[in-house]
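What follows is one structure encoded as structure tokens, with my remarks underneath.
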Amino acid sequence: MLTRGDGALQGVRRGHELRVLESLVKNGSRTRRELEADTKLSRTTLSVIVGNLRQYGILTEADQSSYGPGRNGRPVKVLRLNPVAGVAVGVELARSRISVSVVGFDGSPVAREHIELSAPMDLAAKVEHAAGMLRTLVGAGEVRPESLVGMGVGIASRHADPRSLADAGGDLQHDPQGVSLAPLRDAVATPLLWDNNIRLAAMAAATENGNPNGDLLYVVLSAGISCAVVVDGALLRGGNGIAGELGHISVDFSGPRCWCGHRGCLERFLNVANVLAEAEKRGQAFESIESMAAAAEAGNRTARAVVDWAAELLSRALTSACVLVDPNRVVVAGELAQFGEPLLEPVRKSLAEQQLEIGPRATIITRAPFSPTSGSDGAAIMALRHWAFAGI
Ligand SMILES: [Zn+2]
């Protein structure tokens, strides 16, 4: 679809295409006349651009009876985006999962695939595997390389340098240290951006109707703690690219030493292994967080006590974070989110107890429904925003 290449003429045409697409994303459907007004393109230029986009299957044109007859008495035709055309692809290389998503211009999913890894796999092998998944999707006709604006890649435990993202108009961003993303570029010839996978899952959680909006704190409580902050619809990366390390806020200054060098970091307490160990220390072993959550719900005293303990620690860290960031929403994800309301309610209570005179606080605290493709969905949305809307 969107014409790529170095030529100035192609650049101009791409710009025209994007103006047409942006209008359709914003308005849903448009007549040619309306598009002329929206894009300020001449009728002739618009006709060429619309013709190209229709040829690639990105736009559809149909009678819209509700518009009534046109000036010449015939029904007016309206243009719409074809949601199954697929315009951005996302890949997540998580700790123990690889997923691929293709999303349409309105952010709706076109195709999704994921695999769970039963054994550890190094990053280079994950890249190769994801490239194979992309080739399979292309082979099955679910991804049309010519219909892509770009690819986003979310990588566990890696954070992109914010300067490299600001410069990345095309393929300028450096690959993560020690690993090449070339197999992904070879599988689908489209520009590529990468960043931390949890940051990209946060982008997906912040997205409504294809566009991220609002201020969101996204926390994953799993083998470790990951956190990402979305401010006014954009990721907060920080001056050094390491913003959002909620796991290293201390909740007990005399607590055990964390690998980061400080004491009592939240992650030192709220990781899956330590939460299971805490229950064992209190006299009852559980096989998994899932079984502990079920026991807590059924009234098991040890499980309930551990959930209360976890909720108190989480409250301390999240209340501090909310004082600083003032998000509209806090979304808690990961295995420990299975503790549900008994984990979240104390956080709400702690926030409600604090009255800041500057203004009322309305922060919604929820759990994220588990989705194995949230990271790749968010990666695709990042690509969409970067190349289609220049918004990231
Ligand atoms: Zn720490």
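Indicate the gyration tensor shape class of the range 18-67 (rounded, prolate or oblate), computed on the Cα atoms with a ≥ b ≥ c the square roots of the eigenvalues: a/c under 1.5 is rounded; otherwise a/b larger than b/c is prolate and the rest oblate.
It comes out rounded by the Cα gyration axes.
Can you give the FRET efficiency to the nearest 0.05 for Gln177 and Ser96, using r as the Cβ-Cβ distance and R₀ = 25 Å?
The pair Gln177/Ser96 has a calculated efficiency of 0.70.
Mind checking the full-extension length gain between Ser47 and Arg257? Use 0.36 nm per residue of separation minus the Cα-Cα distance, one decimal, nm.
Extending this stretch completely gives an extra 69.0 nm.
Each label point is 7 Å from the Cα along the Cα-to-Cβ direction; what then is the distance between the points at Ala125 and Asn240, in nm?
3.3 nm
Please find the FRET efficiency linking Glu34 to Glu142, where r is the Cβ-Cβ separation and R0 is fixed at 30 Å, and quote it to the nearest 0.05.
E(calc), rounded to 0.05, equals 0.45.
Run the dipole for the chain about the Cα centre, Lys and Arg Cβ at +1, Asp and Glu Cβ at -1, nothing else charged, and hand back the magnitude in debye, nearest 20.
1080 debye
So, in nm, how far is label Ile364 from label Glu297 when the simple model puts each one 7 Å beyond its Cα toward the Cβ?
About 2.2 nm separates the two model spin labels.
Please go through the range 283-388 and write out the GluC sites (Glu not before Pro) that DSSP classes as loop and that have at most 12 other C-beta atoms within 10 Å.
Hits after loop and neighbour filter: Glu287, Glu357.
Would you order Ile364, Ile58 from fewest to most other beta-carbon atoms within 10 Å of each residue's own beta-carbon?
Ascending Cβ contact count within 10 Å gives the list Ile364, Ile58.
Stretch Arg80-Thr319 to full length: gain in nm at 0.36 nm per residue minus the Cα-Cα span?
Here the segment from Arg80 to Thr319 would lengthen by 81.6 nm.
Over the chain, what is the percentage of antiparallel beta bridges among all DSSP beta bridges, to the nearest 5?
The answer is about 65 percent antiparallel.
Once both labels are modelled 7 Å past Cα along the beta-carbon direction, what's the Asp106-Glu280 spacing in nm?
Rounded to a tenth, the inter-label distance reads 5.1 nm.
Suppose R0 equals 51 Å. What FRET efficiency, 1/(1 + (r/R0)^6) with r the Cβ-Cβ distance, do Thr60 and Ser118 give to the nearest 0.05?
0.75
For the chain, what class follows from the C-alpha gyration tensor (a ≥ b ≥ c being the square roots of its eigenvalues): rounded when a/c is under 1.5, otherwise prolate if a/b is larger than b/c, else oblate?
Verdict is prolate for the chain.
Read-outs throughout are calculated quantities, based only on the coordinates presented, and are distinct from any laboratory measurement. On a predicted model such as this, the values are computed, not experimentally measured, just so you know. A quick note on method: Cβ atoms are made from the backbone with ideal geometry, for glycine too, and the neighbour counts reach across all protein chains shown.
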